[in-house]
Amino acid sequence: AKTSGGRGGGGGGGGVPDEQKLRAPAWCDRILFTRGGPLTQRTYTRGEVAASDHKPVASVFMLRCVSYRRDAVEALVERCRADADARQAARRPRPRLRPTSLDAGLLRYGVPAQL
């Protein structure tokens, strides 16, 4: 009898004959991506879990990207930080005290004043 499981096999049947499986493989046991372009799959592994017929999967991808100038990227990050700091400072409450002066009358050195 044909069985699911093994390298690249279907839905976590663990070697159970296909006709004895109760349900179809779940999409949560898969990693979907489009081949080609800047994304390349480097590794794919799946674990074995006795408590479930779902198989945890993991994959490592490599993303090709255009080169960049580190100093330009760092300058951009610094401008973004400065802009975020300025926006945060603008949102801070600014208490104002009124009146801005206090008339304490005539004050003399060494003589206690009564306000």
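The values are calculated or read from the model by the stated rules, or taken from the named source; none is laboratory data. Note that the structure is a prediction, hence the values are computed from the model and not measured. Positions of Cβ are backbone-derived with ideal geometry, glycine not excepted, and every protein chain shown enters the neighbour counts. For the accessible areas, the whole protein counts, side chains as well, though only heavy atoms, and no ligand, DNA or RNA atoms are used. Shrake-Rupley method; radii C 1.70, N 1.55, O 1.52, S 1.80 Å.
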Some residue of the range 71-80 being over 30 Å from Y44 (Cβ atoms), acidic (D, E), under 22 Å from the mean Cα position of the chain (by Cα) and at pLDDT 80 or above: yes
Enumeration of residues in the range 71-108 that are open to solvent by 100 Å² or more (accessible area, probe 1.4 Å), polar (S, T, N, Q) and in a loop (DSSP other than H, G, I, E, B): T100
Residue identified as of a type in the set (G, A, S) and modelled with pLDDT of 80 or more among G37, G5, G11: G37
Filter result for the condition that a residue is open to solvent by less than 90 Å² (accessible area, probe 1.4 Å) and either assigned to a loop (DSSP other than H, G, I, E, B) or in contact with a helix residue (DSSP H, G or I) (Cβ under 6 Å, 6 or more places away or on another chain) (or both), over V66, V111: V111
